[in-house]
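K.L.:
Pasting a structure below so you can have a look.
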Amino acid sequence: MAIVYQKSKGLTDAELHYCPGCHHGIVHKLVAEVLEEMGLLDEAIGVCPVGCSVFAFRYFNCDMQQAAHGRAPAVATGIKRTHPNQPVFTYQGDGDLASIGAAEIVHAAMRGEKFTTIFINNAIYGMTGGQMAPTTLIGQKATTCQLGRTVEQAGMPMRVSELLSTMDGCVYAERVCVTDIANLNKAKKAIRKAFEKQMAGEGFTFVEVLSTCPTNWGMSPLKANQWLKDNMVPYYPLGVIKEV
Amino acid sequence: MAKELWKGNEAIAEAAIRAGCDCFFGYPITPQSEVPEYLSLHMPQHGKVFVQAESEVAAINMVYGAAASGMRAMTSSSSPGISLKQEGISYLTASELPCVIVNCMRGGPGLGTIQPGQSDYYQATRGGGNGDYRTICLAPCNIQEAVDLMQEAFDIADTYRNPVMVLMDGLTGQMMEPIEWREIPKRELPAKDWATTGKHGRDHTNFINSLYMVPEECDAHNAHLLEKCALMAEKEVRCEAVKCDDAEIVITAYGTPARIALTALDVLRAEGVKAGLFRPITLWPFPEKELHTLAGQDSVKAVLDVEMSAGGQMIDDIRLAVLGQKPVSYYGRAGGVIPTVEEIVEAAKKALKEAE
Ligand SMILES: Cc1ncc(C[n+]2csc(CCOP(=O)(O)OP(=O)(O)O)c2C)c(N)n1
Ligand code: SF4
Ligand SMILES: [Mg+2]
């Protein structure tokens with residue numbers, strides 16, 4: 001019988017702990033497939049964050065480190081500078097990367113650190129139970145902005161890809177989503193391009209994936225997908241933000 | 001070998017290179033900035049890595065990444081910067097990652113002063129970050145000893161898979177003195193087969209982690225770390241006793257005050273007071289048994305602790321070791337003021353008088 005589909009060798013057999021409909025698992029699969037297809041699994045060193053993907057080290061079939069909240073880009077800097085020929089990546093949420101770890105990601109981009117960051121923007125703190133993130137949309141409800149985020153209280157949400165694109169050291173930033181097959185394919189291409197550019201030694205590469213958190217958004221997986229398209233995409237435009 | 005004149009911070013930096021340090025990550029702060037300055041020039045010349053981090057927080061996490069991937073990694077800072085590193089040090093210890101952290105202490109609290117201090121003793125010897133853990137803490141009292149201890153610091157870190165802190169005061173970092181580059185015997189070190197170097201054909205992934213969702217697993221991990229602490233406490237204690245055989249007053253001090261106390265001993269003895277010095281070289285593990293035995297010695301009437309700290313911090317460990325056998329008193333200056341020989345002599349005489 002012909003095999004038409006099988007799990008990527010880039011993933012272990014560990015059972016994922018993510019909620020039903022959560023995009024973390026889908027993005028794991030894409031990263032794993034890219035690493036496998038590029039033949040990088042034996043070389044790669046990944047860094048997972050504090051956030052729902054804290055246990056990503058159990059799922060990726062490559063060496064992994066778990067970093068303190070927000071510090072993954074600094075940790076990856078320590079790895080990449082001492083292993084300049086190996087693929088290094090961080091996988092981070094929006095609270096981790098855009099809030100507590102804002103300095104680390106900006107300076108990694110500024111230095112042009114030659115690693116790849118996969119940024120899961122689900123507009124919320126998933127792991128801690130749905131608090132407001134720097135990426136939470138105006139009007140979006142979260143447990144620390146129960147009537148909806150307001151500009152007066154919290155300012156406008158942060159567009160991280162655009163911010164990092166202002167750094168010369170950042171050679172590639174693309175925003176994608178995985179709500180449907182067409183977008184999923186684009187997301188995979190973007191992740192592949194990021195790793196290719198890293199391996200070519202060009203500089204810092206960044207893929208932002210707009211993602212759902214059905215649990216903390218209080219929606220079914222399908223409704224969450226639709227909410228993402230209707231609300232996140234207009235504020236966080238999809239596509240290549242920067243390519244050098 | 002011929003003696004060479006070196007500045008403390010630069011000597012420490014050079015010693016790190018000679019000890020096989022692969023990478024250094026740091027951030028400027030007085031009075032330790034000569035360490036990153038020296039290494040920024042010399043590490044690349046040796047084909048090694050130097051990165052000026054955006055903060056002490058980033059620097060210690062760069063150390064984490066490099067150490068976890070099998071490298072000999074180091075950072076240095078001074079008191080306020082070391083405070084910022086505490087989260088990272090807790091993670092490093094929890095994840096059992098070897099590294100060397102130099103704290104060239106200044107006076108505190110807050111921004112304090114850029115002058116020398118010893119007010120980070122609690123932080124250095126009690127863990128400093130969150131959780132139950134200890135880092136080995138080496139306290140050199142002159143540049144020669146600092147240089148000699150650097151090789152040991154890296155070797156001890158690798159032996160136990162534990163961060164090692166070299167705790168010196170700003171005076172040792174800033175002064176110049178003649179030293180010689182001695183061959184320090186290297187230890188037999190365990191292979192770093194746990195490191196995340198990339199699988200390279202390994203049949204399993206290596207991962208570095210300090211999160212345990214099951215309480216019993218976290219409890220077991222803590223028990224393992226505690227066992228390691230017991231082993232370090234058994235094997236790594238270092239201290240020095242000077243003129244203690246007949247001492248009636250024992251002065252306890254580490255770092256610069258210990259050096260000043262050496263002169264105070266001579267002054268006291270010239271005046272007929274039999275004074276000795278007990279100097280812990282490892283602040284953790286603390287030489288508890290050694291001091292306990294010394295305090296129990298018949299000749300000893302009193303113990304005087306001298307530190308560059310307002311009310312004394314090491315004095316807690318001194319009291320725990322002396323365990324009430326003899327009276328313990330304190331003399332210290334803080335905020336960058338360095339105790340003088342005369343002040344120590346006076347304090348020693350007073351301590352003796354009060355004991356009698
Ligand atoms: C220093 C520190 N502060 C706070 C926390 C608590 N904390 C854990 S995860 C998290 C937010 C994670 O949100 P995000 O990065 O968006 O990831 P997600 O769970 O949404 O994927 C916070 C605040 C922590 N672990 N460490
Ligand atoms: S809480 Fe949200 S982000 Fe976390 S696993 Fe569940 S759905 Fe995913
Ligand atoms: Mg999030």
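K.L.:
If you fit an axis through the alpha-carbon atoms of helix B:34-45 and take the longest principal axis of the Cα set of chain B, what angle between them do you get, 0 to 90°, nearest 10?
P.N.:
That works out to roughly 40 degrees.
K.L.:
Sketch the reach of a paramagnetic label on B:Ser299 as a point 7 Å from Cα along Cα-to-Cβ, and name the residues of region B:257-277 whose backbone nitrogen lies under 16 Å away.
P.N.:
B:265-277
K.L.:
While we're on this one: Mind giving me the nanometre distance, one decimal, between the label points for B:Asp203 and A:Lys223, set 7 Å out from Cα along Cα→Cβ?
P.N.:
With each label placed 7 Å out from Cα toward Cβ, I get 4.9 nm.
K.L.:
Another question, then. Using the Karplus equation 6.51 cos²θ - 1.76 cosθ + 1.60 (θ = phi - 60°), what ³J(HN,Hα) coupling, rounded to whole Hz, does each residue of region B:58-71 give in order, writing x for Gly and Pro?
P.N.:
Result, rounded to whole Hz: 5, 4, 5, 6, 5, 4, 4, x, 5, 4, 5, 9, x, 8.
K.L.:
Would you mind ranking A:His17, B:His204 so that the residue whose beta carbon has the fewest other beta carbons within 10 Å leads the list?
P.N.:
B:His204, A:His17
K.L.:
Using the Kyte-Doolittle scale, find the helices of chain A whose mean hydropathy is at least 1.0 and whose Cα atoms extend 24 Å or more along the helix's long axis, counting only whole DSSP H runs.
P.N.:
Span-like helices in chain A: none at all.
K.L.:
Note down the relative contact order for chain A as a percent, whole number, built from C-alpha pairs under 8 angstrom at least six residues apart.
P.N.:
Across chain A, relative contact order equals 19 percent.
K.L.:
May I pose another question? Past 18 Å, Cα to Cα, is the threshold; run A:Lys114/A:Lys242; A:Lys114/B:Lys192; A:Lys9/A:Lys80 against it and keep the listed order.
P.N.:
Checking Cα-Cα distances, A:Lys114/B:Lys192; A:Lys9/A:Lys80 exceed 18 Å.
K.L.:
What is the distance in Å between the Cα centroid of region B:63-107 and that of region B:1-15?
P.N.:
Spelled out, the Cα-based centre of one part sits 23 Å from the other.
K.L.:
Just rank B:Ser69, B:Ser299, B:Ser210, fewest to most, by other beta-carbon atoms within 10 angstrom.
P.N.:
Result, fewest neighbours first: B:Ser299, B:Ser210, B:Ser69.
K.L.:
Can I ask one more? On average, how many beta carbons from a partner chain sit within 10 Å of the beta carbon of a residue in B:16-25?
P.N.:
Average neighbour count from other chains, rounded to a whole number: 1.
K.L.:
Let me ask something additional. Using the basic label-point model (7 angstrom from Cα toward the beta carbon), what is the B:Lys235 to B:Ala2 distance in nanometres?
P.N.:
In this crude spin-label approximation the distance works out to 3.9 nm.
K.L.:
Under the rule of -39500 (n - 2.57) per DSSP H run of 4 or more residues, summed and divided by the residues of chain B, what mean residue ellipticity at 222 nm is obtained, to the nearest 500 deg cm²/dmol?
P.N.:
-12500 deg cm²/dmol, from helical runs alone.
K.L.:
Shifting gears a bit: Give me the distance in nm between label points sitting 7 Å out from Cα along the Cα-to-Cβ direction at A:Cys19 and B:Glu356, one decimal.
P.N.:
Label at A:Cys19, label at B:Glu356, 7.7 nm between them.
K.L.:
Would you mind checking which residues have amide H under 5 Å from B:Arg238's amide H? H placed 1.01 Å from N; only 5 or more apart, or other chain.
P.N.:
Distant-sequence amide H within range of B:Arg238: B:Ile281, B:Thr282.
K.L.:
Taking N as the number of residues in region A:96-205, what is its Cα Rg relative to 2.2 N^0.38 Å?
P.N.:
1.17
K.L.:
Another one. Taking only the alpha carbons of region B:35-119, what extent do you get along each of the three principal axes, in Å, biggest first?
P.N.:
36, 32, 20
K.L.:
Aspartates and glutamates near B:Lys186 by alpha-carbon distance under 12 Å, same-chain residues fewer than 8 away left out - which ones?
P.N.:
Within the straight-line limit of under 12 Å, B:Lys186 reaches these aspartates and glutamates: B:Asp148, B:Glu152, B:Asp155, B:Asp158.
K.L.:
Counting only other chains, and only Cβ atoms inside 10 Å, what mean value do you get across the residues of B:204-214?
P.N.:
Per residue, the number of nearby Cβ atoms from other chains is 6 on average.
K.L.:
May I ask what percent, to the nearest 5, of DSSP beta bridges between residues of the protein assembly as shown are antiparallel?
P.N.:
In the protein assembly as shown, approximately 25 percent of DSSP beta bridges are antiparallel ones.
K.L.:
Give the average over all directions of the projected area of the C-alpha convex hull of the protein assembly as shown, one decimal, in nm².
P.N.:
Result: 30.6 nm².
K.L.:
Let me ask something else. Taking the 0 to 90 degree range and rounding to the nearest ten, how far is the long axis of helix B:215-235 tilted relative to the main principal axis of chain B, both from C-alpha atoms?
P.N.:
50
K.L.:
I need the P(r) histogram for region A:184-244: all alpha carbon pairs, bin width 5 Å from 0 out to the longest distance, whole percents.
P.N.:
4, 16, 22, 19, 15, 11, 8, 4, 1
K.L.:
In addition: Take the Cβ-Cβ distance between A:Asn85 and B:Glu180 as r, set R0 to 35 Å, and report the resulting FRET efficiency rounded to the nearest 0.05.
P.N.:
0.35
K.L.:
What per residue convex hull volume, in Å³, comes out for region A:24-243 when only alpha-carbon positions are used?
P.N.:
105
K.L.:
In Å and on Cα atoms, what radius of gyration and Dmax does region B:168-238 show?
P.N.:
Expressed in Å, the Cα Rg and Dmax of region B:168-238 come to 19.7, 54.
K.L.:
Counting only Cα, what are the radius of gyration and maximum Cα-Cα distance Dmax of chain B, in Å?
P.N.:
Cα only, chain B: 20.6, 72 Å (Rg, Dmax).
K.L.:
Now for a different question. Using 1/(1 + (r/R0)^6) with R0 = 60 angstrom and r between the beta carbons of B:Arg269 and B:His221, what's the FRET efficiency to the nearest 0.05?
P.N.:
0.70
K.L.:
While we're here: Just rank A:Met1, B:Met150, B:Met175, fewest to most, by other beta-carbon atoms within 10 angstrom.
P.N.:
A:Met1, B:Met175, B:Met150
K.L.:
To continue, here is another question. Straight-line reach from B:Lys243: which lysines have a Cα under 17 Å away, not including same-chain ones fewer than 8 places off?
P.N.:
B:Lys274, B:Lys301, B:Lys349
K.L.:
Considering region B:201-262, what Rg and Dmax in Å follow from its alpha-carbon atoms?
P.N.:
Taking only Cα atoms of region B:201-262, I get Rg and Dmax of 21.6, 65 Å.
K.L.:
Using only Cα atoms, locate the centre of region A:191-233 and the centre of region A:40-73, then give the distance between them in Å, rounded to an integer.
P.N.:
Measuring centre to centre over Cα atoms gives 17 Å.
K.L.:
Assuming R0 = 60 Å, what is the FRET efficiency of B:Glu342 and B:Glu188, from their Cβ-Cβ distance, to the nearest 0.05?
P.N.:
Taking R0 as 60 Å, the efficiency between B:Glu342 and B:Glu188 is 0.80.
K.L.:
So, one more: Peptides A:90-96, A:71-77, A:46-52: what's the order by average Cβ count within 10 Å, highest mean first?
P.N.:
Ranking the peptides A:90-96, A:71-77, A:46-52 by packing returns A:71-77, A:90-96, A:46-52.
Rule-based calculations on the coordinates, nothing more; no lab input. Because the structure is a prediction, the values reported are computed rather than measured. Don't worry about glycine lacking a Cβ; one is built from the backbone with ideal geometry, like all the others, and counts go over all protein chains shown.
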